[in-house]
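Undergrad: Could you have a look at this structure, given as structure tokens, before my questions?
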Amino acid sequence: MKIIYEVNSDNVSKFEIEDEDDLFIFYQLLDLGCEVTGQTTRKVTQTAKTGSTVTNKVKAVIRIKVERIEYGTTIAISGLILHCNNPKVQTGRYHTLHVAIGDTISLYKAHWDEMDLTRMHEAANETFKSHLVILGLDGGIAKLWFISNTSVREKESIEVNIPKRKNINFKHDTQTEKFYNQIYDMIVKNVNFDNIIALVVAGNFTERNALIKSLINTAKRMKNPQIQSGIEHIVPASATNGILFVVRDVLSDPNLSNILEDCKSYKDMNCINKFNETMLKSEHLVAIGYEDIIKANEVNALKELYVADELTKICTIERRLEISHLIEELRQKNTSIRMLSSKTEAGCEVMRLGGIVAILRYELNLEDEDEGEFVEDYNSEDVDWFGTNVPQSIGDVIDVDDD
């Protein structure tokens with residue numbers, strides 16, 4: 001995300017949406033009641049002197065007050081038009097502004113909290129822009145995953161029927177070669193080695209080593225500089241299952257710490273693993289849910305706080321302000337605070353626990369039952385948090401008189 005200017009005296013920030021991660025972060029910044037300014041098209045009907053009407057689409061820069069938000073491949077923001085630079089467009093009418101990658105947007109919020117500023121700074125930090133690419137192997141199945149600062153996405157998959165080897169089996173060798181060639185083509189198509197941290201090939205020892213050897217040999221034979229120059233970025237890793245648990249296994253692998261030290265998702269996963277290990281030692285060394293967090297903070301027991309970003313989208317405005325004030329208070333105490341994306345493995349796990357958890361400085365006998373009003377709705381297994389889009393819309397349905 002390119003920040004054109006940060007929060008000014010009018011509480012307005014302006015930035016350019018550069019990629020899918022920026023689009024998701026912008027969605028996290030939006031609240032009902034805030035104001036968004038951007039370029040759009042609007043139908044305008046004009047009446048001639050003869051009484052005939054002509055409808056045209058005109059380009060305009062409008063400012064709308066947000067009443068509904070829908071997140072998908074773009075962000076659809078609906079609300080009343082407060083101002084427009086084109087006099088042909090009437091104010092006070094409803095409009096839907098579609099925000100996409102490449103757009104320049106201004107956002108007004110009455111209150112910018114610490115969570116908002118953290119999201120903006122992380123989005124603008126080029127250190128976290130690079131992707132980690134994971135190639136999972138299991139028999140004749142290969143899946144390519146892209147791990148970014150805010151999301152986990154399955155990019156492409158391949159499945160080839162490879163028969164078991166029995167003595168000399170030409171069909172096995174032929175199908176294996178076909179499988180490796182398809183993987184090679186998939187990598188050439190999707191992976192730019194200049195923009196990734198590493199390509200981690202995960203699976204059992206024999207499969208991953210054989211594939212890496214095949215990739216190197218094919219790149220030399222095809223004289224492909226893209227793969228040849230990227231060989232140093234190809235890293236083998238073990239996985240309990242090359243498909244089902246590959247993302248978690250790679251992000252939890254301590255042997256990859258030096259390679260993935262700049263990968264936020266890797267650091268986030270380590271934090272969650274640390275939380276789980278602490279909870280196994282003693283359930284009184286962790287706090288789960290907002291109510292327990294508050295009780296622990298009252299006796300200065302919070303050591304590390306983990307918050308999933310989606311929490312602020314589903315709780316009430318009052319609860320969001322309370323969480324924001326809590327974070328600001330803990331920052332002043334130098335308490336470790338980590339914001340996790342709910343579209344990553346680590347963030348998804350925190351959401352299942354209510355969206356906010358903590359490791360304590362010492363044991364506390366907290367109540368087991370969390371009274372937070374936002375926990376139950378998030379324990380549903382029906383929500384696919386690793387899908388292309390988060391199935392999330394905010395606000396009432398509005399009848400909008402534009403396309």
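The values are calculated or read from the model by the stated rules, or taken from the named source; none is laboratory data. Keep in mind that what you see is a predicted model, and the values were worked out from it rather than measured. Please note: Cβ atoms are built from the backbone with ideal geometry, for glycine as well, and neighbour counts cover all protein chains shown.
Undergrad: Out of (1) in a loop (DSSP other than H, G, I, E, B); (2) in contact (Cβ under 8 Å) with a residue 60 or more places away in the chain, what's the single condition that is false for Asn8?
TA: For Asn8, the exception is condition (2).
Undergrad: In region 11-45, which residues are under 18 Å from Trp112 (Cα atoms), among the charged types (D, E, K, R) and not in a strand (DSSP E or B)?
TA: Across region 11-45, the qualifying residues are Asp22, Asp31.
Undergrad: Give me a count of the residues in region 229-271 that are farther than 14 Å from Ala198 by Cα and of a type outside the set (D, E, K, R).
TA: So the count comes out to 14.
Undergrad: Filter region 119-163 down to the residues that are β-branched (Val, Ile, Thr) and at pLDDT 80 or above, then identify the one that is nearest to Leu30 (Cα to Cα).
TA: Top of the filtered list is Val152.
Undergrad: Residues that are surrounded by 23 or more Cβ atoms within 10 Å (Cβ to Cβ) and not assigned by TED's automatic domain parsing to the domain that holds Phe26: find the helices (runs of 4 or more DSSP H) completely inside region 248-363 holding 3 or more of those.
TA: Passing ranges, in order: 264-281, 290-298, 345-352.
Undergrad: Only strands (runs of 3 or more DSSP E) wholly contained in region 46-127 count here; list those with 2 or more residues that are touching a residue at least 40 places away in the same chain (Cβ under 8 Å) and among the charged types (D, E, K, R).
TA: The strands (runs of 3 or more DSSP E) meeting that bar are 53-71.
Undergrad: Consider Leu23 against the criteria (1) under 15 Å from His98 (Cβ atoms); (2) touching a helix residue (DSSP H, G or I) at 6+ places or on another chain (Cβ under 7 Å): it satisfies all of them except one. Which criterion is unmet?
TA: Among (1) under 15 Å from His98 (Cβ atoms); (2) touching a helix residue (DSSP H, G or I) at 6+ places or on another chain (Cβ under 7 Å), the lone unmet condition for Leu23 is (2).
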